[in-house]
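The block underneath contains the structure these notes are about, expressed in structure tokens.
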Amino acid sequence: SASHALVERGHQVSVVNPARIKAYAHSQLTRNKTDQLDASVIADFCRTQQPALWTPPAPALTPATTQTPAMALGLADHLFTVREILLTPAFPPGGWR
């Protein structure tokens, strides 16, 4: 999965229920929906809410997955977009309000 691949490459990963991110976006009065805005909301959520870091289960306990490598790469691309936004100096201190 994308989360496993990212952890294996040394990235910090949090696995968060999408409903929680959606509720956070609504609380920030976010109405538009674009990939760039989604990435900004996720980045702000992670910065302000500091979700727990995910640790992969032991290999013997990992369930079989039906996720294709292409699906994992698509999610990884989206997560790297979030990372780029967080590292961009133009991103306002304190996030979008």
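The values are calculated or read from the model by the stated rules, or taken from the named source; none is laboratory data. Source: prediction; values computed, not measured. As a convention, Cβ positions derive from the backbone with ideal geometry for all residues, glycine included, and neighbour counts pool all protein chains shown. In case anyone asks, the SASA skips ligands and DNA or RNA and just uses the protein heavy atoms, side chains included. Shrake-Rupley method; radii C 1.70, N 1.55, O 1.52, S 1.80 Å.
Applying 0.36 nm per residue to the separation of residue 48 and residue 29 and subtracting their alpha-carbon distance, the gain on full extension is 5.3 nm.
Across 22, 33, the residue with the most accessible area heads the list, and the full order at a 1.4 Å probe is 33, 22. With all protein chains in place and ligands, DNA and RNA left out, the 1.4 Å accessible area ranks 35, 44 as 35, 44, largest first. Computed with a 1.4 Å probe on the full set of protein chains, the accessible area for residue 37 sits at about 50 Å². Modelled label positions at residue 16 and residue 37, each set 7 Å beyond Cα in the direction of Cβ, lie 1.8 nm from each other.
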